[in-house]
Every structure is written in structure tokens, then in C-alpha cells.
Amino acid sequence: MQKQPEPGRRHFLKLGGAALAAIPVMVISARSEAATNAQMRAALKYQDKPVDGKSCSGCMQFVPGKDAKAPGGCKVMQGDTEISPNGYCSAWVKKA
């Protein structure tokens, strides 16, 4: 039986290079947790305050955040995770 050679300098450098290449990806993905969809917000006239007693927390499109006051998401504004429960937009539909 032949003994497997121990990892050498090249192996170490390859692993180190891969680890260094992964760092920017991890940083970018951590920043992307909170995101807004500016184009959709503008198109739907989104604002961070209610209108005529209508707010995102009372809309069937709203996806609640971690608690009642935390920002959530919206089924219409894909990728936007900073929707205020007190916000409002023209896509508002009363919860059933």
C-alpha cells in the first residue's frame, strides 16, 4: 500500500486563495440582507407613512418582519425587505 503524501505548499496556497476569494462574496451577501427596490417603490408611490388609515400592516401584500414594528417585505415589491408596517403604496389591498 502506498502512503498518501501530506498536503504541501501548493495545496495550502490553493486553499488560502479560495478562502480569500470567498471573503468579498460573504461581505456582499451580508449587506444584501436589507434591500430596497427603488424602481418599484417609485412606480407604486410607496411612502413610509399611512394614507387615510391605510398602512402596509393592514395590506394583504405585506410580509411582516420579525416583530410588529420591524420592517418587512411585500409580495408586489420583490426583493424589498425594508417595507415599513406604517408605510403605504398604490398596490394596497385590505386584508381579508
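The values are calculated or read from the model by the stated rules, or taken from the named source; none is laboratory data. Since this is a predicted model, take the numbers as computed values, not measurements. When we count neighbours, we look across all protein chains shown, and the Cβ atoms used for this are built from the backbone with ideal geometry, even at glycine. Each accessible area value is taken on the protein alone, full model and side chains, heavy atoms only, with ligands, DNA and RNA left out. Shrake-Rupley method; radii C 1.70, N 1.55, O 1.52, S 1.80 Å.
Through the Karplus equation 6.51 cos²θ - 1.76 cosθ + 1.60, θ set to phi - 60°, convert the phi angles of segment 42-47 into ³J(HN,Hα) values in whole Hz; use x for Gly and Pro.
Once rounded to whole Hz, the list reads 5, 5, 9, 6, 5, 9.
At 7 Å along the Cα-to-beta-carbon direction for both K66 and V51, put a label point, then send me their distance in nm to one decimal.
Label-label distance for K66 and V51, simple model: 3.1 nm.
Work out, step by step, the length gained on full extension between T36 and Q78: first 0.36 nm times the residue separation, then minus their alpha carbon distance; give nm to one decimal. Intermediate results must be reported in sequence, preceding the final value.
On the way: separation 42, 0.36 × 42 = 15.12 nm, distance 0.90 nm.
That works out to 14.2 nm of additional length.
Leaving out ligands, DNA and RNA but keeping every protein chain, what accessible area does K75 have, in Å² rounded to the nearest 10, with a 1.4 Å probe?
Here the residue's solvent-accessible area equals roughly 120 Å².
Hey, can you grab everything whose amide H is under 5 Å from the amide H of V63? Only 5+ residues off in sequence or another chain; H modelled, so Pro and N-termini drop out.
Amide H neighbours of V63, under 5 Å, 5+ apart: G73, C74, K75.
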